[in-house]
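Below is one structure, written out as structure tokens; the observations come after it.
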Amino acid sequence: MAAASSEDEAPENEDYYALLNVRREASQEELKAAYRRLCMLYHPDKHRDPELKRQAEQLFNLLHQAYEVLSDPQTRAIYDIYGKRGLEMEGWEVVERRRTPAEIREEFERLQREREERRLQQRTNPKGTISVGIDATDLFDRYDEEYEDVPGSSFPRVEINKMHISQSIEAPLTATDTAILSGNLSTQNGNGGGSVNLALRRVTSAKGWGELEFGAGDLQGPLLGLKVFRNLTQRCFITTNCALQFSSRGIRPGLTTVLARNLDKNTMGYLQWRWGIQSAMNTSIVRDTKTSHFTMAFQLGIPHSFMMVSYQHKFQDEDQTRVKGSLKLNRASQTYFFPIHLTDQLLPSAVFYATAGPLVIYFAMHRLIIRPYLRAQKEKELEKQRESSASDILQKKQEAEAAVRLMQESVRRIIEAEEARMGLIVVNAWYGKFVNDQSKRNEKVKVIDVTVPLQCLVKDSKLILTEASKAGLPGFYDPCIGEEKSLKVLYQFRGVLHQVMSSDNEALRIPKQSHRIDADS
């Protein structure tokens, strides 16, 4: 296929829809009309200068390549799913040309699954939790008298009295089978132990899976368990866990069943029945949002019956490091939990430091350490991205400048026609990073002049841009990779000045009455 074989000539991130300035849902008629119009503007035969003719041929070939891919329902279906790399995906040669787009989609999904299966052996999903219990009661509840013969007795003693560490990894065996190896280690006041578990999980269907578990440890005897998960509806599922615990006292069976329902996007309701080991019935509601976590539970059981309400507030930063009121840190797949025991009785000083202290510490660390660090990391990543794509940026800039030169004659004719009818004239247009916030005045403005490319897209006193990055339009390029960009246009319509600013991926239609600049201002 010509389109697939010529992919190497174009940059990897070329957006064919943006290049033709059409919607992703555009019909064949819309594609053809956009292609013909652009071909009339950039056809090589319109230029006598050898350099302009060569540049026109490059742009014309790129337009032809985009139209050839999008006009074919088969290649368009692949491009929509996988982008340009999909046209080069391993296994393309076995896909028959006469297949429908739906069959093409199924075939490529099968090829992708096969590639994923070959990578399964290289993938694991590590998870871990570290919990450290800290006894800080000596800070608020000390003996009145001090013992001079005890070294360091004048300073409060803060002790670590317990610790729990758990780790697990997943090893996919096939597309449906996964082995899970986990272990945990606990210690409290000098005593402790650990255990290791091996589970084999099989996905039986799109609605459920089953898991067989084997475990052993020094605190408890061997464990044999079977867990079954099943989706009953889209918003409801059930989990059943059967276990046999072997100990010196004999075999202790256990059965746990949980019925859960999604009450809304952030809220889950649970009904749990447990028999055997610590029999109980439990109902709970859990609401988890980006800023908070709320749990309310009620249990009747042997030996414990209780009612519990818990609320945690999350403080989030751009890098998804969460610090909760209980001093719980989640970082990637690792969880660090630091419960601090401050007092055995209700003391005002302990309550104050337990509530206000973590907040003050967090905001101080976030402002003085975390935020500057994240800003510096972002700048480093952007700099690396700029360096790695410097050659591509230069190439796109040269292509854009060449496209602008090719547009000059067409733009002159468009402006003459628009002036004759008091139509749409683009006075100035800029694309890139604008700095409007006073707190960011020290940042550098990075914009390019796109007046000519936008005027070239004016047709019948209208300019329509689709929901795509403007960097893909002819005559445009990305002046600030990795940063937010906007398009600012100052235009004249019916002799009146208008102005509009839109975000990079926002659709834009001009002229509009709301863009009009008040003459008094």
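Couplings for the stretch 496-505, taken from phi via the Karplus curve 6.51 cos²θ - 1.76 cosθ + 1.60 with θ = phi - 60°, read 10, 6, 10, 8, 8, 10, 10, 6, 4, 9 Hz in order; Gly and Pro are left as x. Accessible area per residue for the stretch 194-269 is 64 Å², calculated with a 1.4 Å probe on protein heavy atoms, without ligands, DNA or RNA.
Taking amide H as placed 1.01 Å from N in the peptide plane, the amide H of SER292 sits under 5 Å from that of LYS314, each at least 5 places away or on another chain. Close amide H pairs (under 5 Å, H built 1.01 Å from N) link SER279 with ILE302, residues at least 5 positions away or on another chain. For the stretch 395-412, 3J(HN,Hα) computed residue by residue from phi via the Karplus equation (6.51, -1.76, 1.60; θ = phi - 60°) reads 5, 5, 5, 5, 5, 5, 5, 5, 5, 5, 5, 5, 7, 3, 5, 5, 5, 4 Hz, glycine and proline entered as x.
Annotation: Cα Rg of the stretch 370-480 relative to the compact-globule expectation 2.2 N^0.38 Å equals 1.33. Per-residue 3J(HN,Hα) values for the stretch 380-391, derived from phi via the Karplus relation 6.51 cos²θ - 1.76 cosθ + 1.60 with θ = phi - 60°, read 5, 5, 5, 5, 5, 5, 5, 5, 5, 10, 4, 5 Hz in sequence order (x marks Gly and Pro).
Ligands, DNA and RNA excluded, the heavy atoms of TRP275 present near 130 Å² of accessible surface to a 1.4 Å solvent probe.
Local charge for GLY269 was computed over the other residues whose Cβ lies under 11 Å away, with Lys and Arg +1 and Asp and Glu -1, and equals +2. Heavy-atom accessible surface of GLU401, to the nearest 10 Å², is about 80 Å², with a 1.4 Å probe and all protein chains retained.
The Cα atoms of the stretch 334-403 give a gyration tensor whose axes a ≥ b ≥ c have a/c of 1.5 or more with a/b greater than b/c, which makes the shape prolate.
In terms of solvent-accessible area of protein heavy atoms at a 1.4 angstrom probe, what is the ranking of LEU263, LEU457, highest value first? Let's see the in-between values first.
Numbers: LEU263 85, LEU457 25 Å².
My answer, sorted largest first, is LEU263, LEU457.
By the rule of a C-alpha distance below 29 Å, with chain neighbours fewer than 8 residues away ignored, the lysines paired with LYS162 are LYS127, LYS314, LYS324, LYS328.
Taking the Cα atoms of the stretch 461-521, the ratio Rg/Rh between the radius of gyration and the Kirkwood radius comes to 1.02.
The values are calculated or read from the model by the stated rules, or taken from the named source; none is laboratory data. Note that the coordinates shown come from a computational prediction; the quantities given were computed from them, not determined experimentally. No Cβ is skipped: glycine too gets one built from the backbone with ideal geometry, and neighbour counts run over all protein chains shown. Each accessible area value is taken on the protein alone, full model and side chains, heavy atoms only, with ligands, DNA and RNA left out. Shrake-Rupley method; radii C 1.70, N 1.55, O 1.52, S 1.80 Å.
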